[in-house]
Amino acid sequence: MENNRNKKLTSQIISNLRKKFPVYVYDEENVDTNFPVPQKTIRYFQENVEADPELRNKSADDLGREGIKGITLRERLLLELQYFTKTGKHLDVDNITLCSGSRSSDGFVPYVYWGGDELRVGWDCSDCRGDVLRSRQAVTL
């Protein structure tokens, strides 16, 4: 299932999203440095619109201690692109995906959600948690 879109820079993925709808990314100038193209690109996630409800109120630090492999920022952006292309709708309109599989260079964890009229990417501390802040767990086939 290897394909060329997984080999694109993170900034190129964001550019492709912007061709379809508005996107806001905090600290966008460092997105390629903080989130480079990974060596291994094949992982799968549940096909739910909202991030995994069983992972609510768990920080990236909590998930790491539990050995739960969470979605990366790049995977979440690609998931949004795939879902929107297929359905014309957005993921995480009621909740926020914590991209617990990623860290910026300063240790902060990205999150992604649909905020009214744009896709929003922000950062939070690795020990932040909340009812609407949920990761997406990679599943093994």
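The values are calculated or read from the model by the stated rules, or taken from the named source; none is laboratory data. Only a predicted model underlies this, so the values are computations on that prediction, with no experimental measurement involved. Counting neighbours? That spans all protein chains shown, and the Cβs are built from the backbone with ideal geometry, glycine included. Note: areas computed on protein heavy atoms with side chains; ligands, DNA, RNA excluded. Shrake-Rupley method; radii C 1.70, N 1.55, O 1.52, S 1.80 Å.
Against the list (1) under 18 Å from residue 125 (Cα atoms); (2) within 15 Å of the chain's Cα centre (by Cα); (3) at pLDDT below 90, the condition residue 105 fails is (2). Restricting 131, 92 to residues that are at pLDDT 90 or above, of a type in the set (Asp, Glu) and open to solvent by 20 Å² or more (accessible area, probe 1.4 Å) narrows the list to 131. If you go through segment 7-42, how many residues are out of contact with any Lys or Arg (no Cβ under 8 Å at 6 or more places or on another chain), part of a loop (DSSP other than H, G, I, E, B) and open to solvent by 50 Å² or more (accessible area, probe 1.4 Å)? Of the residues in segment 7-42, 11 are out of contact with any Lys or Arg (no Cβ under 8 Å at 6 or more places or on another chain), part of a loop (DSSP other than H, G, I, E, B) and open to solvent by 50 Å² or more (accessible area, probe 1.4 Å). For segment 43-79, filtered to residues that are over 16 Å from residue 123 (Cβ atoms), modelled with pLDDT of 90 or more and hydrophobic (A, V, I, L, M, F, W, C), the residue that is most open to solvent (accessible area, probe 1.4 Å) is 49.
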